[in-house]
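Have a look at the structure below, then the notes.
The values are calculated or read from the model by the stated rules, or taken from the named source; none is laboratory data. Just so we're clear, the structure is a prediction, and the values are computed from it rather than from any experiment. Heads up, the Cβs are rebuilt from the backbone with ideal geometry, glycines too, and the neighbour counts pull from every protein chain shown. All accessible areas refer to the heavy atoms of the entire protein, side chains included, with ligands and DNA or RNA removed. Shrake-Rupley method; radii C 1.70, N 1.55, O 1.52, S 1.80 Å.
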Amino acid sequence: MNKAVFGNVVDGYEEPVLNEREARAAAGLLFVFGFLSFMNSFMLSNFVLTQFFVVFFMVDFTIRIIQPNYAPSLLIGRVFIQHQTPEYVGAAQKRFAWSFGLLLSFVMFYLTVIEPQMNPIKILICILCLTLLFSESAFSICLGCKVYNLLKKEKARYCPGGVCEIKEKEPIQRLSFLQWLIVIGVSVGVVFGLIVLWVNTPAKSAAMQMMPYMLEKLGL
């Protein structure tokens, strides 16, 4: 490994790369702790766990964009996937995506550590961060990498799952009409079930009682 190069130089790849499995594992770990800290702050107005998480997140992403081979979350993720075959992705687009995450962490650091407060901007940023982490960990979809392709003339290479390369879907990747019906039917059924549960159980009244408190926390 050349320390002057961002990422890792691997035979057979024309650009420095990173292990996507490692990044997904790290995203999953951050999502779990981020979600727990967010709910703790939102429901109990206790920002200690969130402050700790935001500081860790900011330090971790700072290290990532300098030299990812020493980022704590990536190293912890490596512990869990070290026996799996690496899935290499281009380091350039990952660095761009992580830079966006670092920018969000700076805003969260101010709103959580310097000026602790519950406001709509903070909540929206939390939800955005959790969405980005979940998208990467669950579906291996790097939304920041997609933005990279929109802004850069030289398109990203070595994307997760080979999505950067134009190719024909394999039969196992396609969904038939019946399979689409199942997906849509289950999705609609889950949403309908949640609505029925909301209307016909004490959860609705409990939530309505909490609404003034939540609006107050949001500053509305």
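Values computed for the structure shown
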{"quantity": "Number of positions in segment 105-125 that are open to solvent by 20 Å² or more (accessible area, probe 1.4 Å), charged (D, E, K, R) and in a helix (DSSP H, G or I)", "calculated": "0"}
{"quantity": "Positions within segment 79-96 being in contact with a Phe, Trp or Tyr (Cβ under 8 Å, 6 or more places away or on another chain), of a type outside the set (D, E, K, R) and open to solvent by 20 Å² or more (accessible area, probe 1.4 Å), in sequence order", "calculated": "TYR88, ALA92, PHE96"}
{"quantity": "Residue match in segment 21-41 (condition: part of a loop (DSSP other than H, G, I, E, B), open to solvent by less than 50 Å² (accessible area, probe 1.4 Å) and touching a Phe, Trp or Tyr at 6+ places or on another chain (Cβ under 7 Å))", "calculated": "no"}
{"quantity": "Condition check for ILE76: open to solvent by 60 Å² or more (accessible area, probe 1.4 Å) and part of a helix (DSSP H, G or I)", "calculated": "yes"}
{"quantity": "Hits in segment 42-65 - residues which are open to solvent by 40 Å² or more (accessible area, probe 1.4 Å) and part of a helix (DSSP H, G or I)", "calculated": "MET43, LEU44, VAL48, LEU49, GLN51, PHE52, VAL55, PHE56, VAL59, THR62, ILE63"}
{"quantity": "Matching residues, segment 126-157, being open to solvent by 40 Å² or more (accessible area, probe 1.4 Å), assigned to a loop (DSSP other than H, G, I, E, B) and in contact with a Cys (Cβ under 9 Å, 6 or more places away or on another chain)", "calculated": "LYS155, ARG157"}
{"quantity": "Residue among VAL191, VAL147 that alone is β-branched (Val, Ile, Thr), closer than 30 Å to LEU74 by Cα and at pLDDT below 90", "calculated": "VAL147"}
{"quantity": "Residue pairs meeting the criteria (Cβ under 9 Å; at least 6 apart or on separate chains; first surrounded by 10 or more Cβ atoms within 10 Å (Cβ to Cβ), in segment 185-198; second basic (Lys, Arg))", "calculated": "LEU197/LYS204; TRP198/LYS204"}
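Let's see how each residue does on (1) under 17 Å from SER137 (Cα atoms); (2) at pLDDT 90 or above; (3) among the hydrophobic types (A, V, I, L, M, F, W, C); (4) under 17 Å from the mean Cα position of the chain (by Cα):
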| site | (1), (2), (3), (4) |
| --- | --- |
| MET1 | no, no, yes, no |
| VAL10 | no, yes, yes, no |
| GLU22 | yes, yes, no, yes |
| PHE38 | no, no, yes, yes |
| PHE47 | no, no, yes, no |
| MET58 | no, yes, yes, yes |
| ILE81 | yes, yes, yes, no |
